[in-house]
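Visitor: Sharing a structure, written as structure tokens. Questions coming.
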Amino acid sequence: ETWREMGADLTITNRRMAGGEEVGDVTARHSKLKGVVVPEDRAASMIDEYPILAAVAAFADGETVMRGIGEMRVKESDRIALMVAGLTACGVQVEEEPEGFIVTGGPVKGGATVHTAHDHRIAMSHLVLGLAADEAVTVDEPGMIATSFPGFVELMNGLGADIAAGQ
């Protein structure tokens, strides 16, 4: 829902239930995105998606406001602090708040090596950011990604990234 509010052109096929949740195969097409205020009541259902949402919001027009997500501070890492630090290192304007953050979209310089605290979602989000940034983005610990998404490195390399597996 949030992605569509931002203007994302998505098609979902092969909808099915897995692990008690509806899942599907998502095809995304290039589209002009706009910043949105994400309703706080969505936090519980999409808490693990906020890192990638923040990375994508870096390219949207305007501000993307994410609040009511303090739980991100006690996941595998303090995901709010790590996303703010990583995005800032890549030249993104981002404002940290106690229970969330605000990303202002615009040109993304990239060129940073991002500290991940061994958090796979932080690593994957910044590597995706690096695909569209002016300069490549690297992460300090990509090895843990295979635990949650074994095909990620192959998929990203197929899209033009240059990630060495198992680093």
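Please treat every number below as a calculation from the coordinates, not as lab data. Because the structure is a prediction, the values reported are computed rather than measured. So basically every Cβ, Gly included, is an ideal-geometry build from the backbone, and we count neighbours across all protein chains shown.
Visitor: Which shape class, rounded, prolate or oblate, goes with the range 78-157 when its Cα gyration tensor gives a ≥ b ≥ c as root eigenvalues, a/c under 1.5 marks rounded, and past that a/b bigger than b/c marks prolate?
Guide: Values: a/c = 2.15, a/b = 1.32, b/c = 1.63.
Oblate.
Visitor: Please say if the range 1-60 is rounded, prolate or oblate, where rounded means a/c under 1.5 for a ≥ b ≥ c the square roots of the C-alpha gyration tensor eigenvalues, and otherwise the choice is prolate for a/b larger than b/c and oblate otherwise? If you can, show how the numbers build up before the last one.
Guide: Working: a/c = 2.21, a/b = 1.24, b/c = 1.78.
Oblate, because a/c is 1.5 or more while a/b does not exceed b/c.
Visitor: Along the principal axes of its C-alpha atoms, what lengths does the chain span, in descending order and rounded to whole Å?
Guide: So the three principal-axis extents are 37, 37, 32 Å.
Visitor: State the extension gain, in nm to one decimal, for the chain segment bounded by ALA44 and GLU5, taking 0.36 nm per residue of separation less the distance between their alpha-carbons. Walk me through the numbers before you get to the answer.
Guide: Values: separation 39, 0.36 × 39 = 14.04 nm, distance 1.82 nm.
Taking ALA44 through GLU5 to full extension adds about 12.2 nm, to one decimal.
Visitor: Provide the gained length on full extension for the span ASP140 to ARG29, in nm with one decimal, where the gain is 0.36 nm per separating residue minus the Cα-Cα distance.
Guide: In short, 37.0 nm is gained.
Visitor: Could I ask something else about it? Considering the chain as a Gaussian network with a 10 Å cut-off on Cα pairs, which listed residue, PHE59, PHE149, PHE101, attains the greatest mean-square fluctuation?
Guide: It is PHE149.
Visitor: For the residues LEU33, LEU131, LEU82, what sequence is obtained by ranking on other C-beta atoms within 10 Å, fewest first?
Guide: LEU131, LEU33, LEU82
Visitor: DSSP loop trypsin sites (Lys or Arg not before Pro) in the range 13-46 with at most 12 other Cβ atoms within 10 Å of their Cβ, which ones?
Guide: LYS32
Visitor: Which value, in debye to the nearest 20, gives the size of the charge dipole of the range 51-133 about its Cα centre, when Lys and Arg are +1 and Asp and Glu are -1 at the Cβ?
Guide: It works out to roughly 240 debye.
Visitor: Hey, another quick one. Could you identify which residue out of MET156, MET83, MET124 has the top mean-square fluctuation in a GNM of the chain using Cα springs shorter than 10 Å?
Guide: Maximum among the listed residues: MET156.
Visitor: Among the aspartates and glutamates, which have Cα under 20 Å from the Cα of LYS109 when same-chain residues fewer than 8 positions away are ignored?
Guide: Leaving aside aspartates and glutamates fewer than 8 places away in the same chain, those within reach of LYS109 are ASP61, GLU63, GLU95, GLU96, ASP134, GLU135, ASP140, ASP162.
Visitor: Picking from GLU49, GLU95, GLU21, which is most flexible by a Gaussian network model of the chain using Cα springs under 10 Å?
Guide: GLU21
Visitor: Give, rounded to the nearest 20 debye, the magnitude of the charge dipole that the range 1-53 has about its Cα centre when Lys and Arg contribute +1 at Cβ and Asp and Glu contribute -1 at Cβ.
Guide: That gives a dipole near 300 debye.
Visitor: Here's a follow-up. Using Cα pairs closer than 8 Å and at least 6 residues apart in sequence, work out the relative contact order for the range 12-167, in percent.
Guide: Answer for the range 12-167 is 17 percent.
Visitor: Taking Cα pairs under 8 Å and at least six residues apart, what relative contact order does the range 56-105 come out at, in percent?
Guide: 51
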